[in-house]
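J.: Okay, handing you the structure first.
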Amino acid sequence: MKDDTRLDVFTTEIKSCEDCGMCDKDWGDEPACLNEDLKEEFCTIPTPLNEIWDKCPLPLKRKQHPRNPFLCVDIIFEIDNKVLLIERQNPPHGWALPGGYVDYGEAVEHAAIREAKEETSLNVTKLELLGVYSDPNRDPRSHNVSVVFIATEFSGTPKAGDDAKETGIWARDCLPELAFDHAQIVNDYFERKNK
């Protein structure tokens with residue numbers, strides 16, 4: 001899933017906050033999502049909903065919409081004792097494990113299979129849980145919790161798709177600089193494998 005697709009959900013929720021004028025940006029009395037002149041610009045900014053509620057001047061609104069982490073998945077593919085990575089098209093740029101956000105109403109296992117197909121063109125038929133990574137600082141965009149899976153059975157040829165610019169297969173001892181905490185995740189995977 002592209003990083004900005006979740007904004008549709010945010011915009012829908014913001015519409016219920018008729019008192020939030022986003023005054024610190026001097027956008028007037030109308031919520032940004034309802035102002036047609038600003039809507040296009042607003043909807044292209046990947047601002048988490050939590051940050052928007054922080055700007056609401058009404059304490060009651062902040063209580064009604066508590067800060068919660070966002071749920072993501074990442075997938076490890078091992079091919080010939082090497083790990084499959086994608087080069088990201090969207091910020092933060094760089095190499096990373098395939099993965100993305102879990103859709104509302106979607107099981108994390110299904111999200112992992114979907115994201116794997118979208119970003120690598122690989123068909124995953126069996127997954128194994130590696131772990132859950134929840135450090136609030138693991139992602140510079142927002143507090144994103146990732147459920148990390150190992151693809152233990154899959155088919156196809158890796159080919160970049162969706163928001164992946166390129167795919168690459170890397171040995172553990174010559175990995176590129178990885179986005180987020182993915183270097184730690186890859187290290188945890190090989191440590192577990194070699195036990």
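The values are calculated or read from the model by the stated rules, or taken from the named source; none is laboratory data. Remember, predicted model here, so these are calculated numbers, not experimental data. Here the Cβ positions follow ideal geometry from the backbone for every residue, glycine too, while neighbour counts run over all protein chains shown.
J.: Quick one: would you say Ser142 is at pLDDT 95 or above, closer than 15 Å to Phe180 by Cα, surrounded by fewer than 20 Cβ atoms within 10 Å (Cβ to Cβ) and hydroxyl-bearing (Ser, Thr, Tyr)? First the steps, then the outcome.
T.: Details: at pLDDT 95 or above: no; closer than 15 Å to Phe180 by Cα: yes; surrounded by fewer than 20 Cβ atoms within 10 Å (Cβ to Cβ): yes; hydroxyl-bearing (Ser, Thr, Tyr): yes.
No; evaluated as a whole, the condition is false for this residue.
J.: Would you say Thr157 is farther than 19 Å from Phe70 by Cβ, out of contact with any Cys (no Cβ under 8 Å at 6 or more places or on another chain), not in a loop (DSSP other than H, G, I, E, B) and not aromatic (Phe, Trp, Tyr)? Before the answer, list the steps.
T.: Details: farther than 19 Å from Phe70 by Cβ: yes; out of contact with any Cys (no Cβ under 8 Å at 6 or more places or on another chain): yes; not in a loop (DSSP other than H, G, I, E, B): no; not aromatic (Phe, Trp, Tyr): yes.
Spelling it out, it is not the case that Thr157 is farther than 19 Å from Phe70 by Cβ, out of contact with any Cys (no Cβ under 8 Å at 6 or more places or on another chain), not in a loop (DSSP other than H, G, I, E, B) and not aromatic (Phe, Trp, Tyr).
J.: Given (1) within 30 Å of Arg67 (Cβ to Cβ); (2) in contact (Cβ under 8 Å) with a residue 40 or more places away in the chain; (3) out of contact with any helix residue (DSSP H, G or I) (no Cβ under 6 Å at 6 or more places or on another chain); (4) buried (at least 17 other Cβ atoms within 10 Å of the Cβ), where does Phe149 come up short, assuming only one miss?
T.: (3)
J.: Given the structure, is Asp162 exposed (fewer than 15 other Cβ atoms within 10 Å of the Cβ), touching a residue at least 40 places away in the same chain (Cβ under 8 Å) and within 17 Å of the chain's Cα centre (by Cα)? Outline the logic, then answer.
T.: On the way: exposed (fewer than 15 other Cβ atoms within 10 Å of the Cβ): no; touching a residue at least 40 places away in the same chain (Cβ under 8 Å): yes; within 17 Å of the chain's Cα centre (by Cα): yes.
Judged against the criteria, Asp162 is not a match.
J.: Are there any pairs with C-beta distances below 8 angstrom linking a residue in the range 171-183 that is loosely packed, with under 10 Cβ neighbours inside 10 Å to a residue that is not charged (D, E, K, R), with the two at least 6 apart or on different chains, and if so which?
T.: Once the first residue is loosely packed, with under 10 Cβ neighbours inside 10 Å and sits in the range 171-183, its partners that are not charged (D, E, K, R) give Glu177/Gly94; Glu177/Trp95; Glu177/Ala183.
J.: I'd like to check something: does the range 179-193 contain any residue that is in the same structural domain as Ile75 (by TED's automatic domain parsing) and in a strand (DSSP E or B)?
T.: The answer is no, given that none of the residues of the range 179-193 is in the same structural domain as Ile75 (by TED's automatic domain parsing) and in a strand (DSSP E or B).
J.: Still on this structure, please answer the following. Can you tell me which residue is nearest to Asp188 (Cα to Cα) among those in the range 73-91 that are within 18 Å of the chain's Cα centre (by Cα) and β-branched (Val, Ile, Thr)?
T.: Here the answer is Ile76.
J.: Let me ask something else about it. Out of the residues in the range 66-115 meeting the condition of being among the acidic types (Asp, Glu) and closer than 15 Å to His182 by Cα, tell me which one is surrounded by the most Cβ atoms within 10 Å (Cβ to Cβ). If you could, list the steps in order and put the result at the bottom.
T.: First pass over the range 66-115, keeping only residues among the acidic types (Asp, Glu): 74, 78, 80, 87, 103, 106, 109, 115.
The next check asks that each one be closer than 15 Å to His182 by Cα; those that pass are 74, 78, 87.
Numbers: Asp74: 23, Glu78: 17, Glu87: 16.
Per the stated criteria, the residue is Asp74.
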